[in-house]
Amino acid sequence: MNKNLAALIAATTIILSSSAFAAPTAIQSGSAIASTGTGSCAVLGDSVKLNLSKGVNGAYDCSEANNAINVGACHTDGSRGTTLTCAQVGMSSGTNPVAVYNNPGCTAANVGQDITVTTPSYRGFRASTTGGSVGAQSLSANCSASTALELVNFQ
């Protein structure tokens, strides 16, 4: 799964200027994410095909305005927990971007530290071409195609 995320992020090298935002999109295992055409991700230099492992759901969201792509994935057999390690998972959109963290309780001061979340939650992982690292994020429910979409929204 990490190799697939890295491949998708590495493919995002073209700089385009536009204010269009695409909607978060589920990754269909083995189907190409096109760089041009209907439903495409214009920030990709070439089309990318990802093969997800059994039980893995993934999603992506493209922003031409930010020349960025967010990618997330989770596993249906994922565990639940009450702690989360804080991580910067990207930058916000707009003219004055700020760091985006994997939980509202996370800041630059506590990156790498564990925090306690109020209720046990399932986890997914998110990465962004805007910087930061791959970080765990809480999901609203067990991993599914729809909960994977929660991982990739631009903030």
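The values are calculated or read from the model by the stated rules, or taken from the named source; none is laboratory data. Just so it is clear, the model here is predicted, and its values are computed rather than measured. Here the Cβ positions follow ideal geometry from the backbone for every residue, glycine too, while neighbour counts run over all protein chains shown.
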Which condition does residue 94 not pass, out of (1) exposed (fewer than 13 other Cβ atoms within 10 Å of the Cβ); (2) at pLDDT below 90; (3) assigned to a strand (DSSP E or B), if it passes all the others? (3)
Can you confirm whether region 134-142 contains a residue that is touching a residue at least 12 places away in the same chain (Cβ under 8 Å) and within 20 Å of residue 43 (Cβ to Cβ)? yes
Output yes when any residue across region 109-127 is surrounded by fewer than 20 Cβ atoms within 10 Å (Cβ to Cβ), aliphatic (A, V, I, L, M) and under 16 Å from the mean Cα position of the chain (by Cα), and no when none is. no
Of the residues in region 55-71, those that are among the aliphatic types (A, V, I, L, M) and farther than 11 Å from residue 126 by Cα come to 56, 65, 68
Right, residue 37: surrounded by fewer than 22 Cβ atoms within 10 Å (Cβ to Cβ), among the small types (Gly, Ala, Ser) and assigned to a strand (DSSP E or B) or not? no
From the options 17, 53, 29, residue that is modelled with pLDDT under 90 and either part of a loop (DSSP other than H, G, I, E, B) or farther than 24 Å from residue 147 by Cα (or both): 17
Subset tally (residues that are farther than 25 Å from residue 28 by Cβ and outside any strand (DSSP E or B)) for region 103-154: 14
